[in-house]
Amino acid sequence: MSGVTVELELPQDWKRFQMPVALKARLNSLLDEQDKTGKLSKAKRWEAQALTELVDLLSLMKLRAERAGLNNR
């Protein structure tokens, strides 16, 4: 297995770094629809999957920034 290292400049205040309210509301709407109907259209499933992956990515980046001590600056 090979790896790639990517170097990024990160914002100083990761405590405020989160998914935009409108995207969070859209994801919640899609998940509510899925809970009520038991299914989503193919396009809505793709959208929900993409938004879920964004949440995961932002959470991982925030955790790594916190571990690196970037919130203490």
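The values are calculated or read from the model by the stated rules, or taken from the named source; none is laboratory data. Note that this is a predicted model, so its numbers are computed, not measured. Positions of Cβ are generated from backbone atoms using ideal geometry, with glycine treated the same way; all protein chains shown enter the neighbour counts.
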Report yes if some residue within segment 21-34 is surrounded by 14 or more Cβ atoms within 10 Å (Cβ to Cβ), β-branched (V, I, T) and at pLDDT below 95; otherwise report no.
no
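Among the residues of segment 26-47, is there at least one that is under 9 Å from the mean Cα position of the chain (by Cα), of a type outside the set (A, V, I, L, M) and assigned to a helix (DSSP H, G or I)? Even if it seems obvious, please write down each step before you answer.
Step one: of segment 26-47, the residues under 9 Å from the mean Cα position of the chain (by Cα) are none.
No, segment 26-47 has no match at all.
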Which pairs do you get when a residue that is within 19 Å of V55 (Cα to Cα), found in segment 22-41, comes within reach of a residue that is of a type outside the set (A, V, I, L, M, F, W, C), reach meaning Cβ atoms under 6 angstrom, with the pair 6+ apart or on two chains?
L30/K44
Those residues of segment 7-20 which are of a type in the set (A, V, I, L, M) and either touching a strand residue (DSSP E or B) at 6+ places or on another chain (Cβ under 8 Å) or modelled with pLDDT under 70 (or both), in sequence order
L8, L10
Take the conditions over 11 Å from the mean Cα position of the chain (by Cα) and modelled with pLDDT of 80 or more and apply them to R73. Does it pass?
no
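Within segment 32-73, track down each residue that is of a type in the set (K, R) and touching a Phe, Trp or Tyr at 6+ places or on another chain (Cβ under 6 Å).
Residues of segment 32-73 of a type in the set (K, R): 36, 39, 42, 44-45, 62, 64, 67, 73.
Scanning segment 32-73 gives a single hit, K62.
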